[in-house]
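Engineer: Can you read through this structure? Questions will come right after.
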Amino acid sequence: MNVTETTRTFLEFFGERGHRVVQGSSLVPPDGDPVLFTTSGMHPLTPYLEGLPHPHGRRLAGRQRCLRTTDLDEVGDDRHLTVFQMLGSWSLGDYEGPQSLRWGYQLAVDGFGIGRDRLHATVFGGDDQVGPDTASLQTWEELGVPVELTTGDNWWSNGPTGPCGPDSELFVWTGDGPPRGTPGTDERWMELWNHVTMRYRRHGDGRLEPLPQRNVDTGMGLERLLMVLQGSPSVFGTDVFQPWMSTLPGLWRPDQQSLRLLADHLRASIVIIGDGVRPSSTGRGYVLRRLLRRALTVLWRTDGTTTLNDLPVPLIEHTLAQFGQDGGSGLVGDVIRGEEQRFAGLVSRGRKVLARYEPGQRLTEQELTYLHETHGLPPELVTELLA
């Protein structure tokens with residue numbers, strides 16, 4: 001299945017089971033939300049998960065663009081992305097977790113054709129506040145899916161306070177040969193679909209309070225699902241990345257690791273700009289700035305004459321369309337070029353300031369702080385220039 005067929009199959013499956021499709025929202029949360037970016041499909045639905053009636057009813061499904069900076073240092077491996085799309089289904093006080101697990105299994109096996117023997121589940125095993133999730137454990141056993149009990153890895157929350165609850169994760173085997181071990185013992189088991197039974201609200205003192213309604217929140221990374229369905233060893237081999245992976249080597253000839261980082265960071269930057277964010281020294285703008293400057297650092301490491309101005313307009317347009325954004329490619333290109341010019345000036349000044357140091361010299365935290373506060377040179381740039 002390609003990305004269009006996969007998304008349609010998911011939404012039609014839940015539509016046939018009484019779920020209304022909700023449109024994805026911006027990466028930028030509403031004013032007053034303390035989170036920088038939307039990090040999960042449930043984030044825009046938080047008021048409804050806490051009890052507010054949703055205008056489309058109690059069963060919902062959709063596709064939401066998300067951004068996670070916590071995975072930034074892992075980008076370039078087979079599975080992690082900065083910006084990705086999340087397929088989700090939600091029960092707002094309607095059905096319970098076991099029903100969600102049964103439907104998830106049915107869609108994975110019968111709808112998407114994933115072999116039963118490639119599946120493994122994890123379930124919350126309990127802690128000092130909440131007992132084990134016996135309902136999920138029993139459901140998986142009835143379906144014939146092996147289960148591993150965990151504690152820390154199977155409790156979901158969107159932050160230190162707010163809605164939370166035990167979750168059950170469905171993993172798929174991505175290794176060669178027959179499956180081995182468990183998700184906790186073999187990293188070739190890849191998390192595919194998380195089913196959260198959202199029952200509680202956590203307060204600042206750590207206390208758990210039952211929510212007015214028991215909800216189910218599920219999320220499955222679209223790019224990871226495509227990796228499984230298309231038999232690709234990485235998310236970068238799927239059809240959503242094909243335009244990037246076929247275009248960039250002809251522009252700049254990066255090595256494989258650099259190619260992945262460039263594709264991820266530039267794709268993410270386009271989506272962030274498309275949602276109205278501009279480069280700055282704080283907040284959301286700093287995340288965008290960091291992504292663009294990391295991409296430029298990789299480019300200039302081998303050839304200081306390369307420029308993001310070479311990025312083809314059709315590639316920008318393709319990315320905006322893929323994420324359902326209306327922002328023009330011309331505006332996106334202008335923002336990228338402006339940040340490249342600012343960074344080029346900073347790099348030029350930085351080389352002059354760092355001329356006093358030996359190549360490869362390791363600087364102290366105090367020296368790095370001085371260079372940042374006095375000359376505006378971020379520690380990562382200083383390290384790169386000295387290297």
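Engineer: For the charge dipole of the stretch 200-277, defined by +1 on Lys and Arg C-beta atoms and -1 on Asp and Glu C-beta atoms about the Cα centroid, which residue among Gly274, Gln257, Leu211 has the Cα displaced farthest towards the positive pole?
Structural biologist: Positive-end residue among those listed: Leu211.
Engineer: Leaving ligands, DNA and RNA out of it, rank Met86, Met1 by accessible area with a 1.4 Å probe, largest first.
Structural biologist: On the way: Met86 20, Met1 85 Å².
Largest to smallest exposure gives the sequence Met1, Met86.
Engineer: Quote the relative contact order of the stretch 213-280 in percent (integer), defining contacts as alpha-carbon pairs under 8 Å separated by 6+ residues.
Structural biologist: The value is 17 percent.
Engineer: Can you pull the percent of the stretch 277-333's accessible area that's carbon plus sulfur, 1.4 Å probe, other chains left in place? It would help to have the intermediate numbers written out before the result.
Structural biologist: Working: 1340 of 2610 Å².
Roughly 51 percent, rounded to a whole number.
Engineer: Another question, if that's okay. Quick check on the stretch 1-159: of the DSSP beta bridges with both residues there, what percent are antiparallel, nearest 5%? Let's see the in-between values first.
Structural biologist: Numbers: 9 of 16 bridges.
Antiparallel: roughly 55 percent of the beta bridges in the stretch 1-159.
Engineer: Here is a follow-up. Per-residue accessible area for Asp73 at 1.4 Å probe radius, Å² rounded to 10?
Structural biologist: That residue has around 130 Å² of solvent-accessible surface.
Engineer: P(r) of the chain in 20 Å steps, Cα pairs, percent per bin?
Structural biologist: 26, 53, 21, 1
Engineer: Just reorder Asp310, Asp77 by solvent-accessible area, largest first, 1.4 Å probe, all chains present. If you can, show how the numbers build up before the last one.
Structural biologist: Numbers: Asp310 75, Asp77 55 Å².
Of Asp310, Asp77, the descending order of accessible area is Asp310, Asp77.
Engineer: I want the local charge near Arg20. Using Cβ-Cβ distances under 10 Å, sum +1 for each Lys or Arg and -1 for each Asp or Glu among the other residues.
Structural biologist: Details: positive: Arg58, Arg59; negative: none.
Around Arg20, the surrounding residues sum to +2.
Engineer: Further question on the same structure: Kindly write out, for the stretch 356-363 in residue order, the coupling ³J(HN,Hα) from the Karplus curve 6.51 cos²θ - 1.76 cosθ + 1.60 (θ = phi - 60°), rounded to whole Hz, with x marking Gly and Pro.
Structural biologist: Working through the residues one at a time gives 6, 9, 7, x, x, 5, 8, 9 Hz.
Engineer: With a 10 Å cut-off between alpha carbons and a GNM built on the chain, which of Leu208, Leu60, Leu226 moves the most?
Structural biologist: Residue with maximal mean-square fluctuation among Leu208, Leu60, Leu226: Leu208.
Engineer: Another question, then. How much solvent-accessible surface does Trp156 expose, in Å² to the nearest 10, with a 1.4 Å probe and all protein chains in place?
Structural biologist: Ignoring ligands and nucleic acids, Trp156 comes out at about 40 Å².
Engineer: Could you state the per residue volume, in Å³, of the convex hull enclosing the Cα atoms of the stretch 17-173?
Structural biologist: 140
Engineer: For the stretch 1-151, give the percent of accessible area contributed by carbon and sulfur heavy atoms, probe 1.4 Å, rounded to a whole number.
Structural biologist: On the way: 3150 of 6680 Å².
Here it works out to 47 percent.
Engineer: Taking K and R as +1 and D and E as -1, what net charge do the other residues with C-beta under 15 Å from the C-beta of Glu317 add up to?
Structural biologist: Numbers: positive: Arg267; negative: Asp326, Asp334.
For residues surrounding Glu317, the net value is -1.
Engineer: Tell me whether the stretch 257-329 comes out rounded, prolate or oblate; compute the Cα gyration tensor, take square roots of the eigenvalues as a ≥ b ≥ c, and use a/c under 1.5 as the rounded threshold.
Structural biologist: Oblate shape, in that a/c is at least 1.5 and b/c is the bigger or equal ratio.
Engineer: If you put +1 on each Lys and Arg Cβ and -1 on each Asp and Glu Cβ, how big is the dipole of the stretch 244-382 around its Cα centre, in Debye rounded to 20? Before the final figure, lay out each step's value.
Structural biologist: Numbers: 17 positive and 15 negative charges, 62 e Å.
Rounded to the nearest 20 debye, it is 300 debye.
Engineer: Under a Cβ-only charge scheme (Lys and Arg +1, Asp and Glu -1), can you give me the dipole magnitude of the chain about the Cα centre, in debye to the nearest 20? Provide the component values of the computation, followed by the final result.
Structural biologist: Numbers: 37 positive and 49 negative charges, 203 e Å.
Using only the charged Cβ atoms, the result is roughly 980 debye.
Engineer: Turning to a different aspect of this structure: State, as an integer percentage, the relative contact order of the stretch 1-117 based on alpha-carbon contacts under 8 Å between residues 6 or more apart. Walk me through the numbers before you get to the answer.
Structural biologist: On the way: 138 pairs, mean separation 29.8, N = 117.
25 percent.
Engineer: Provide the per-residue ³J(HN,Hα) series for the stretch 230-244, in order, calculated from phi with Karplus coefficients 6.51, -1.76, 1.60 and θ = phi - 60°, each as a whole number of Hz, with x at glycine and proline positions.
Structural biologist: 9, x, 8, x, 8, 5, 6, x, 8, 5, 5, 9, 3, x, 5
Engineer: Tilt of helix 256-274 relative to the longest C-alpha principal axis of the chain, in degrees (0 to 90, nearest 10)?
Structural biologist: Approximately 80 degrees, to the nearest 10.
Engineer: Take the chain, mark every one of the trypsin sites (Lys or Arg not before Pro) that falls in a DSSP loop and has at most 12 other Cβ within 10 Å, then report the longest stretch left between them, sites excluded. Provide the component values of the computation, followed by the final result.
Structural biologist: Working: sites that count: Arg180, Arg207, Arg362.
Counting only loop sites that pass the neighbour cut-off, the longest clear stretch is 1-179.
Engineer: Can you give the direction-averaged projected area of the convex hull of the alpha-carbon atoms in the stretch 205-305, in nm²? Mind dumping the intermediate values first?
Structural biologist: Values: hull surface 43.8 nm².
The number I arrive at for the stretch 205-305 is 11.0 nm².
Engineer: Let me ask something else about it. Could you tell me the relative contact order of the chain? Use alpha-carbon pairs under 8 Å, at least six residues apart, and round to a whole percent. Don't jump to the answer; show the numbers that get you there.
Structural biologist: On the way: 623 pairs, mean separation 52.2, N = 387.
Relative contact order comes out at 13 percent.
Engineer: What ranking of Glu187, Glu223 comes out by heavy-atom accessible area, probe 1.4 Å, highest first? Intermediate values should be presented prior to the final figure.
Structural biologist: Values: Glu187 155, Glu223 5 Å².
My answer, sorted largest first, is Glu187, Glu223.
Engineer: What ³J(HN,Hα) values, in whole Hz, does the Karplus curve 6.51 cos²θ - 1.76 cosθ + 1.60 give for the stretch 294-305 when θ = phi - 60°, with x put for Gly and Pro?
Structural biologist: Once θ is set to phi - 60°, the couplings for the stretch 294-305 become 5, 5, 5, 4, 5, 5, 7, 4, 10, 8, x, 9 Hz.
Engineer: Would you compute, from DSSP H runs of 4+ residues alone, the mean residue ellipticity of the chain at 222 nm, taking -39500 (n - 2.57) per run and dividing by the full residue count, rounded to the nearest 500? Display every interim value, and only then the final one.
Structural biologist: Numbers: 12 runs with 149 residues, N = 387.
Calculated mean residue ellipticity at 222 nm is -12000 deg cm²/dmol.
Engineer: Kindly report the accessible area of the chain per residue (heavy atoms of protein chains, probe 1.4 Å, no ligands, DNA or RNA), in Å².
Structural biologist: Numbers: 17480 Å² over 387 residues.
Accessible surface, normalised per residue, equals 45 Å².
Engineer: While we're here: What does the charge count near Thr247 come to, summing +1 for each Lys or Arg and -1 for each Asp or Glu among other residues with Cβ under 15 Å from its Cβ? Present the calculation step by step, with values, prior to reporting the outcome.
Structural biologist: Working: positive: Arg253, Arg260, Arg267; negative: Asp239, Asp264, Asp310, Glu317.
Computed value for this residue: -1.
Engineer: A further question follows. For the chain, with a Gaussian network of springs between Cα atoms less than 10 Å apart, report the residue from Leu248, Leu192, Leu331 with the top mean-square fluctuation.
Structural biologist: Leu331
The values are calculated or read from the model by the stated rules, or taken from the named source; none is laboratory data. Just so it is clear, the model here is predicted, and its values are computed rather than measured. In this analysis, Cβ positions are derived from the backbone assuming ideal geometry, glycine residues included, and neighbour counts consider all displayed protein chains. Keep in mind that these areas ignore ligands, DNA and RNA; they rest on the heavy atoms of the full protein, side chains included. Shrake-Rupley method; radii C 1.70, N 1.55, O 1.52, S 1.80 Å.
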